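Inspection log for the structure reproduced underneath, given as structure tokens.
The values are calculated or read from the model by the stated rules, or taken from the named source; none is laboratory data. Remember, predicted model here, so these are calculated numbers, not experimental data. Cβ atoms come from the backbone with ideal geometry, glycine included; neighbour counts cover every protein chain shown. Note: areas computed on protein heavy atoms with side chains; ligands, DNA, RNA excluded. Shrake-Rupley method; radii C 1.70, N 1.55, O 1.52, S 1.80 Å.
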Amino acid sequence: MIATLIVEKAAQVVTSTGASKGPLTGPGQGILTVIENGAVAISGDRIMAIGPTAEVLAQVERDSKTVIIDAGGQVVLPGLVDPHTHVVFGGSREHELALKLEGIPYLEILARGGGILSSVEATRAASEDELVAGGIKYCHQMLAQGTTTAEAKSGYGLSTEAEIKTLRAISRVNAAQPVDLVPTFLGAHAVPGEYKGEADRYLDLVIDEMLPLVVEQKLARYCDVFCEEGVFSIEQSRRVLSAAGNLGLDLKIHADEIVPLGGAELAAELGAVSADHLLVISDEGIKRMAEEKVIGVILPGTTFYLREDHYAPGRKMIEAGVPVALATDFNPGSSPNNNLQLIINIACLYLRMTPAEVINAITINAAHAVGLGSEIGSLEQGKKADLVIFDAPNYDYLAYRYGTNLVSRVIKNGHVVVEV
Ligand code: NIG
Ligand code: FE
């Protein structure tokens, strides 16, 4: 087979190896294969070979059409995977910054009809085309920063029509630009104004009307719920996730973010793929997630932006055997950031994860958190040719610099889609 593209002479090619069947845990989360003066050869949309440049060049054939990229002085990683985003929404919430600075808590802004509910108003008012245009813009920003696959949640519609509109928009955004989106139905993101004080009655609508339509129209792979005090209780979260599981969706949960309700334990009980946030996870929750191999998706950008005084116990979770992934949680309120490079910095500094653990958390473990660990998330023969090349002499440098986009090239499905 003839290589269509070869990345050669990289200072480092960095990837996990052999974790395509399941996420990395414990000491394994910190292990990376680092190939100096490395190369990756690609044929079509697949990786053909990876290794030291001399070996790869000796192994693969090329012709006059083969694209050669000299990655001298640079680091090559698998395309980054962002396993928790709310990338399709209407409007924005910069007007809430003043309230935040006055010290009004996040859940209080929501209880007053702002927060998520203000984005619901804007999302309902937006046309599907407007939602698509916004989603495409945000995905291009993500791609330029090294993200090649992302999870994408609904949850700012909160009516059957607006939830379906959002999921359709996600599917159109997916088709219209290079970042692959994995759709999640989050109808249980908040109780909309017209159901105020009637969370159970709203969940009847989610379960009896929305979920069957979402499944029938194949609009989502996952179902998620915001399990939080004043939003949905453990009992209510169990109800919606069990119904979704019975219809064949895989499960995720916004768990133990502000008040420790036991969402992590619920995720383990229901065999969820991931539990996300986890700032106030209990020791029992950590133990149960480790036992059931539920991936802990930590969102430290949100903790930073909500000015919480403590981060999720990432170190403790890894040491207890919980597979850890990291995500931006990109959304209009609690985390208007879609750059995973910033998450690398915050995770190292405040979760006390090592750069190697963090890289696995935003590549292979994140890929497993979106059900694609056998296809993406590592640079191995036969996997999808999604790569990012950083202008960095080694991978520690990614955790050291912050606030600058270090991407030099992004290769998606074997093609250069970003070139700086
Ligand atoms: O993951 N926590 C709930 N949902 C989002 C926030 C959504 C918003 O504030 O608009 C989150 O942080
Ligand atoms: Fe979220």
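Only one residue in Val60, Val76 is away from ligand 1 (no atom under 13 Å from the Cβ), within 14 Å of Ser378 (Cα to Cα) and touching a residue at least 24 places away in the same chain (Cβ under 8 Å). Which one? Break it down into steps so the answer makes sense when it comes.
Details: Val60 fails: within 14 Å of Ser378 (Cα to Cα).
Selected residue: Val76, the only one of Val60, Val76 that is away from ligand 1 (no atom under 13 Å from the Cβ), within 14 Å of Ser378 (Cα to Cα) and touching a residue at least 24 places away in the same chain (Cβ under 8 Å).
Tell me which residues, restricted to the range 306-351, are acidic (Asp, Glu), open to solvent by 10 Å² or more (accessible area, probe 1.4 Å) and within 16 Å of ligand 1 (Cβ to nearest atom).
Pass one, the range 306-351, residues acidic (Asp, Glu): 308-309, 319, 329.
In the following step, the residues that additionally are open to solvent by 10 Å² or more (accessible area, probe 1.4 Å) were identified as 308-309, 319.
Of everything in the range 306-351, just one residue is acidic (Asp, Glu), open to solvent by 10 Å² or more (accessible area, probe 1.4 Å) and within 16 Å of ligand 1 (Cβ to nearest atom), namely Glu308.
Six or more apart or on different chains, Cβ under 6 Å: which pairs go from a residue in the range 323-335 that's farther than 16 Å from Ser119 by Cβ and touching a residue at least 12 places away in the same chain (Cβ under 8 Å) to one that's near ligand 1 (Cβ under 9 Å from one of its atoms) and aromatic (Phe, Trp, Tyr)? Could you list them?
none
Quick test for you: out of Leu99, Leu107, pick the one residue that is in a helix (DSSP H, G or I), in contact (Cβ under 8 Å) with a residue 40 or more places away in the chain and either within 16 Å of ligand 2 (Cβ to nearest atom) or out of contact with any strand residue (DSSP E or B) (no Cβ under 8 Å at 6 or more places or on another chain) (or both). Can you show your working first?
Details: Leu99 fails: in contact (Cβ under 8 Å) with a residue 40 or more places away in the chain.
Checking each option against the conditions leaves just Leu107.
Out of everything in the range 110-136 that is of a type in the set (S, T, N, Q) and in a helix (DSSP H, G or I), what residue ends up being surrounded by the fewest Cβ atoms within 10 Å (Cβ to Cβ)? Break it down stepwise before answering.
Of all residues in the range 110-136, those of a type in the set (S, T, N, Q) come to 118-119, 123, 127.
Add one more test, that the residue is in a helix (DSSP H, G or I), and what stays is 118-119, 123.
On the way: Ser118: 22, Ser119: 25, Thr123: 28.
This residue is Ser118.
If I ask for residues that are aromatic (Phe, Trp, Tyr) and open to solvent by 10 Å² or more (accessible area, probe 1.4 Å), which ones from the range 138-179 would you list? Show your work before the answer.
Applying the first criterion (aromatic (Phe, Trp, Tyr)) to the range 138-179 yields 138, 156.
Passing the criteria: only Tyr138.
Which count do you get for residues in the range 146-185 that are part of a helix (DSSP H, G or I) and in contact with a strand residue (DSSP E or B) (Cβ under 7 Å, 6 or more places away or on another chain)?
Initial filter on the range 146-185 (part of a helix (DSSP H, G or I)): 160-176.
Adding the requirement that they be in contact with a strand residue (DSSP E or B) (Cβ under 7 Å, 6 or more places away or on another chain) leaves 163, 167, 170-171, 173-174.
Residues meeting the conditions: 6.
For Val81, state whether it is under 18 Å from Gly301 (Cα atoms) and either touching a helix residue (DSSP H, G or I) at 6+ places or on another chain (Cβ under 9 Å) or surrounded by fewer than 22 Cβ atoms within 10 Å (Cβ to Cβ) (or both).
Criteria met by Val81.
Identify the residue in the range 375-404 that is in contact with a helix residue (DSSP H, G or I) (Cβ under 7 Å, 6 or more places away or on another chain) and part of a loop (DSSP other than H, G, I, E, B) and, among all such residues, is nearest to Ile50 (Cα to Cα). Steps first, please.
Going residue by residue through the range 375-404, those that are in contact with a helix residue (DSSP H, G or I) (Cβ under 7 Å, 6 or more places away or on another chain) are 376-378, 390, 392, 395-396, 398-399, 402.
Filter once more, so that each one left must be part of a loop (DSSP other than H, G, I, E, B): 376-378, 392, 395, 402.
Numbers: Ile376: 15, Gly377: 14, Ser378: 11, Ala392: 19, Tyr395: 17, Tyr402: 29 Å.
That would be Ser378.
Checking Val280 against (1) within 16 Å of ligand 1 (Cβ to nearest atom); (2) within 15 Å of the chain's Cα centre (by Cα), which single condition isn't satisfied?
Tallying (1) within 16 Å of ligand 1 (Cβ to nearest atom); (2) within 15 Å of the chain's Cα centre (by Cα), Val280 fails exactly one: (2).
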